[in-house]
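Here is the structure we will look at.
The values are calculated or read from the model by the stated rules, or taken from the named source; none is laboratory data. Predicted model only: the values in this text are computed from it and were never measured. All Cβ positions, even for glycine, are placed from backbone atoms using ideal geometry, and neighbour counts span all protein chains on display. For the accessible areas, the whole protein counts, side chains as well, though only heavy atoms, and no ligand, DNA or RNA atoms are used. Shrake-Rupley method; radii C 1.70, N 1.55, O 1.52, S 1.80 Å.
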Amino acid sequence: MSTEEKSLHFIEQIIEENLTNGFPQNKLRFRFPPEPNGYLHIGHAKSICLNFGLGLKYNAPVNLRFDDTNPAKEEQEYVDAIKEDLQWLGFQWDKELYASDYFQQLYDWAILLINKGKAYVDSQSSEAMAEQKGTPSQAGVDSPYRNRSVEENLALFERMKNGDFEEGTHILRAKIDMTSSNMLMRDPIMYRVLHKEHHRTGNDWCIYPMYDYTHGESDYLEQISHSICTLEFVMHRELYDWFLDQIYDENLVRPHQYEFARLNLNYTVMSKRKLLQLVQENIVNSWDDPRMPTISGLRRRGYTAASIKKFCENIGVAKRENIIDYSLLEFCLRDDLNKTAPRVMAVLDPVKVVITNYPEGKEELLDAENNQEDESAGFRKVPFSKEFYIEREDFLEVAPAKFFRLSIGKEVRLKNSYIIKGESVVKDAEGNITEIHVTYDEDSRSGSGTEASKRRVAGTLHWVSIQHAVEVEVRLYDRLFIDEAPDSHKEKNFLDFINPNSLSIIKGFVEPSLGTAVSGDKFQFQRLGYFNVDKDSTASKLVFNKTVGLKDAWEEKGKKDSNSINNALKEINKYFKVATREERIAIRKEIGDTLAGISNYSLLQNSFKKNINNNKSSLLFANLILKYAPLKSSDYDKDDLTKLYTMSLRSESTFVRSRAVLNLYHLEFESDFVNSFRDEILKLEANPPKSSTEREKEFIEQFLNKL
């Protein structure tokens, strides 16, 4: 196999094999089939890049087909947004089509199936149908209406079409096999009654086809050669083929369905229903809120089409589900913006600096490189004067040895400018620094070629001249969720993991070159991150969104939290070795402070589960997670808690037993749960283990008196 062949993903390999076996290349046709019931998200971007990428690779047309078969949830707004997203990503479809284009043909084929005895009208309630459908291990039961005559079915279906029946009273089902091991083949629904206005067909129809019936038939009508879906449609493939079998003409191209792994991204949700909930409950401001994983939200935040396509290319096309780290998406963005975004200076938490030996009224225009990664980007002029802003965190009045920014008596360089030295500060009545007074070395101007300009100092700061600064609104965005898998926890609402710091709005100052920036313009605020101009900007007020930081703060925090957990677990071993109670209290406090500072729900849960074992250090650590971690008792699985307390109360260590009793006494558990350990603790009272201490006996007495 050649190197090129090895690099092909499995769908490309299938296509290559089809071509080798005689399938005409000019018959290749693909499609992207969104349902217009919400905005596209980053997961859809993977499907878009796959389908349109195949079109480009094989010079084959790609249709944009809207599967608009549910007027209760679909809107023209979503159609327009989907088209805008596709064009922004740089893809152009061959034909713009709609499943609603085929309503008459689909209806005619349904009549054909009724006449062939392969479809019937069912008049059961949805509850009755669900019950008679069976389970994966139990065969279904035929509907009492399954053997209606063709004539009766035709008459009822006609009346359904004419709007004679209320919603939910009748449906049309395919007559396949109620004993099939594939639940989807147990007489699936083809049509239901819906008295809803359709965004394209208005009130022409009172019945609407189901997705499983519509999808394959639409592919066939469009002569799609390769119908590419995500893995959740694997079980649907048998039904896809069954419907095609009923109408297939061997002189035409028969579509085939292939499935690939969908994109699962941590620290977000991909369900359209949940994304809609975020919008409807005003958790976010809109579908294109820059915290949303929607393509429009990413675009508004400052993501580039190139970075999203590169991300989709990097994660590849596979058959197995996996979870992609959000950091990879941000890496692709930084990599792209690093090459294209102009460097500018902005100060977001300003403190005033005055150069006491700089001439009054003097102004200079300094040369600043626009992008060192792009030689063609050139230079710009940046004004400099006696007074300017720096970031408040870039100054400490008294600084530690490794503080390489401005402090009293120390020098730093101002970017593209002079070397300055901290001399004194001015404070308000509360002791807050309002001004920093410095002196400058007149001969140290950057690029002047003097000996002083070549002098090395420890730090370089960005700045903005106060006289020339443009005041702007800056929206600092962060990830919307604080947990890596917000919708994966049993009995937990994904909204419980909303990041309270996902948005903060501040005032900042930028250099005057940004005064003419327009919506969509992207910049690197030096030393701060990448920012873009939001569409809310006006001629008199610029609004910037923080797109991404220069470093991955979440990855650093994740590593720090994991290391903290591991280090705390090592410290627990000392607990059993020290001689005094005071030493144990100190160790417990240190571990408690560490656990209290970790907000990663999944990390804490995994650590808790992992440490429920017969090792005394592990059991004590799991009990300390319960006591100190910022989770509620109800957040833990009840079976895990039962196992932990059973093992802890039977532990050889008095420290483990004592901590378990104290947790049961102090933490907020349901009374029935606490009472379930009464007999175990009574045994400890009646027959104290050899390792039992007076304090343990005291804790047991307190616990039993509370019951």
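For the chain, take the longest principal axis of its alpha carbons; what is the angle in degrees between that and the long axis of helix 616-628, to the nearest 10 within 0 to 90? Approximately 90 degrees, to the nearest 10.
Remark: the Thr169-Gln138 segment gains 8.5 nm on full extension, using 0.36 nm per residue and subtracting the alpha carbon distance. Under 18 Å of direct C-alpha separation, and excluding same-chain neighbours fewer than eight residues apart, Lys410 reaches these lysines: Lys352, Lys402, Lys421, Lys454. Below 8 Å, C-alpha to C-alpha, sequence gap of six or more: please give me the relative contact order for the chain in percent. For the chain, the relative contact order is 8 percent.
When cysteine pairs in the chain are screened for C-beta atoms closer than 4.7 angstrom, the residues that find no partner are Cys206, Cys229, Cys332. What you get for segment 73-115, charging only the Cβ of Lys and Arg (+1) and of Asp and Glu (-1), is a dipole of about 200 debye around the Cα centre.
Please compare each pair in Lys83/Lys535; Lys507/Lys559; Lys490/Lys609 to a cut-off of 21 Å on the Cα-Cα distance and tell me which ones are over it. Exceeds cut-off: Lys507/Lys559. The amide H of Ile228, built 1.01 Å from its N in the peptide plane, has Arg31, Tyr258 as neighbours under 5 Å, considering only residues 5 or more places off or on other chains. Full extension of the chain segment joining Val398 with Leu682 gains 96.3 nm, where the gain is 0.36 nm per residue of separation less the Cα-Cα distance. Per residue of the chain, the DSSP helices (runs of n ≥ 4 H) give a summed -39500 (n - 2.57) that works out to -11000 deg cm²/dmol at 222 nm. Carbon-plus-sulfur accessible fraction, the chain (probe radius 1.4 Å, protein heavy atoms only): 47%.
Couplings 3J(HN,Hα) for segment 681-687, derived from phi with the Karplus relation 6.51 cos²θ - 1.76 cosθ + 1.60 (θ = phi - 60°), are 6, 4, 4, 5, 5, 6, 10 Hz, where x marks Gly and Pro. Angle check, please: helix 211-221 long axis (alpha carbons) against the longest principal axis of the chain (alpha carbons), in degrees 0 to 90, nearest 10. For helix 211-221, the angle is close to 80 degrees. Taking the 0 to 90 degree range and rounding to the nearest ten, how far is the long axis of helix 103-115 tilted relative to the main principal axis of the chain, both from C-alpha atoms? Its long axis makes an angle of about 40 degrees. Using the Cβ-Cβ distance between Asn285 and Lys557 with R0 set to 25 Å, the FRET efficiency from 1/(1 + (r/R0)^6) comes to roughly 0.45. Mind scanning Lys616/Lys697; Lys118/Lys161; Lys415/Lys560; Lys274/Lys522 and naming the pairs with a C-alpha gap bigger than 26 Å? From the list (Lys616/Lys697; Lys118/Lys161; Lys415/Lys560; Lys274/Lys522), the Cα-Cα distance tops 26 Å for Lys415/Lys560; Lys274/Lys522. Toward the positive end of the charge dipole of the chain, with +1 on the Cβ of Lys and Arg and -1 on the Cβ of Asp and Glu, the farthest Cα among Ile419, Phe23, Val193 is that of Ile419.
Amide H contacts of Phe544: Glu473, Val474, Arg475, Asp534, each under 5 Å away and 5 or more positions distant or on a separate chain (H built 1.01 Å from N in the peptide plane; Pro and chain starts excluded). Using the Cα gyration tensor of the chain, with a ≥ b ≥ c the square roots of its eigenvalues, what is the shape: rounded (a/c below 1.5), prolate (a/b larger than b/c) or oblate (neither)? Because a/c hits 1.5 or more and a/b fails to exceed b/c, the chain counts as oblate. Here the 3J(HN,Hα) profile of segment 408-417, calculated from phi with Karplus coefficients 6.51, -1.76 and 1.60 at θ = phi - 60°, is 5, x, 10, 9, 9, 9, 8, 3, 6, 9 Hz, Gly and Pro shown as x. Placing +1 on each Lys and Arg Cβ and -1 on each Asp and Glu Cβ, with no other charges, gives the chain a dipole about its Cα centre of roughly 2340 debye.
Leu707 contributes about 80 Å² of solvent-accessible surface, heavy atoms of the protein only, 1.4 Å probe. Near the amide H of Arg343, within less than 5 Å, lie the amide hydrogens of Asn371, Gln524, all on another chain or at least 5 residues away, with H placed in the peptide plane.
Classify segment 117-177 from the C-alpha gyration tensor, please: rounded if a/c falls under 1.5, else prolate or oblate depending on whether a/b exceeds b/c. Here segment 117-177 falls in the oblate category. Rounded to whole numbers, the Karplus 3J(HN,Hα) couplings from phi for segment 271-285 are 6, 4, 4, 6, 5, 5, 4, 4, 6, 5, 8, 6, 5, 10, 7 Hz, using 6.51 cos²θ - 1.76 cosθ + 1.60 with θ = phi - 60°, and x at Gly and Pro. For segment 558-694, the square roots a ≥ b ≥ c of the C-alpha gyration tensor eigenvalues yield an a/c of 1.5 or more together with a/b not exceeding b/c, which makes the shape oblate.
The trypsin sites (Lys or Arg not before Pro) of segment 260-345 that meet both conditions, a loop assignment by DSSP and at most 14 other Cβ atoms within 10 Å of the site Cβ, are Lys319, Arg320.
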